[in-house]
Amino acid sequence: MAWIVEINGFLIDARQLPEELQDEARRGGLIPDLEALRGV
C-alpha cells in the first residue's frame with residue numbers, strides 16, 4: 001500500500017505516474033524515497 005496514492009478521487013499505483021509527479025509525491029512524504037534509503 002506504500003505506493004498507492006489518491007489523485008482526484010482515484011487510487012493509483014504511484015510507480016505508474018510520470019516521474020515529475022513521483023518526485024512531488026516523494027517530497028510530500030506520500031511514497032518512499034528509495035534512493036535516500038539506499039544512500040544513493
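The numbers here are math on the coordinates, done by the rules we state, and not lab data. It should be emphasised that the depicted structure is a prediction, and the values quoted were computed from it without experimental measurement. All Cβ positions, even for glycine, are placed from backbone atoms using ideal geometry, and neighbour counts span all protein chains on display.
Annotations
- Count - residues of region 24-40 that are of a type in the set (Gly, Ala, Ser) and surrounded by 13 or more Cβ atoms within 10 Å (Cβ to Cβ): 1
- In region 3-35, the residues that are aliphatic (A, V, I, L, M), under 8 Å from the mean Cα position of the chain (by Cα) and part of a helix (DSSP H, G or I): ALA14, LEU21, ALA25
- Members of region 6-23 found to be in contact with a strand residue (DSSP E or B) (Cβ under 9 Å, 6 or more places away or on another chain), surrounded by 10 or more Cβ atoms within 10 Å (Cβ to Cβ) and farther than 19 Å from GLU35 by Cα, listed by number: ILE12
- Of all residues in region 7-40, those satisfying the criterion of being free of Cβ contacts under 8 Å to residues at least 24 places away in the same chain and among the aliphatic types (A, V, I, L, M) are ILE7, LEU11, ILE12, ALA14, LEU17, LEU21, ALA25, LEU34, ALA36, LEU37, VAL40.
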